[in-house]
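Inspection log for the structure reproduced underneath, given as structure tokens.
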Amino acid sequence: MGKLFRVATLVGMMAFAVCLPIVAQETGTGPGTDYDTVFASLAAIVAVIPVVVEGIKALFPKMPSWVSLALSWVIGIVVCMFGWWQDLGFLSGLDWYIALLYGLGSGLAANGIADTGFVQWLIGLFTKKKKA
């Protein structure tokens, strides 16, 4: 019963995190939610990952440290692939494998293994240069 409750809580928490921008949307003649600002930069995504990982670690207190590292990489990949799929922010117009690299890089940056400047430089090696 306890494990089922933790899983249900985790699913509910993730559903709430996905729906929160929709709930916070203004109605009427005012401006709506700008989803591009949520995915404005790699640093914004890196800042979200530890919050989600710590929330999951609170649900599973006996989680080994290597699982939390892998979890942050997976969360970074999922968030970036979702942003790529929805054409949001800096992920708009990228190839899928570049968005995947940004996801892995955001997980590495959230763990402190790399910084965002290094990740962007490294991904720049894989992207095609646009001719002016």
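The values are calculated or read from the model by the stated rules, or taken from the named source; none is laboratory data. Values in this document were obtained by computation on a predicted structure and should not be read as measured data. Here the Cβ is made from the backbone with ideal geometry for all residues, glycine too, and neighbour counts use every protein chain on show. Note: accessible area is taken over every heavy atom of the protein model, side chains too, but ligands, DNA and RNA are not part of it. Shrake-Rupley method; radii C 1.70, N 1.55, O 1.52, S 1.80 Å.
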Can you give me the number of residues within region 76-93 that are surrounded by fewer than 18 Cβ atoms within 10 Å (Cβ to Cβ) and within 11 Å of the chain's Cα centre (by Cα)?
3
Name the residues in region 102-126 that are surrounded by 12 or more Cβ atoms within 10 Å (Cβ to Cβ), touching a residue at least 24 places away in the same chain (Cβ under 8 Å) and farther than 17 Å from Val48 by Cα, would you?
Gln120, Ile123
If you go through Val51, Val67, the only one that is more than 17 Å from Ile123 (Cα to Cα), open to solvent by 70 Å² or more (accessible area, probe 1.4 Å), at pLDDT below 90 and part of a helix (DSSP H, G or I) is Val51
So for region 29-39 (the condition being at pLDDT 85 or above, β-branched (Val, Ile, Thr) and within 25 Å of Leu122 (Cα to Cα)), does at least one residue qualify?
no
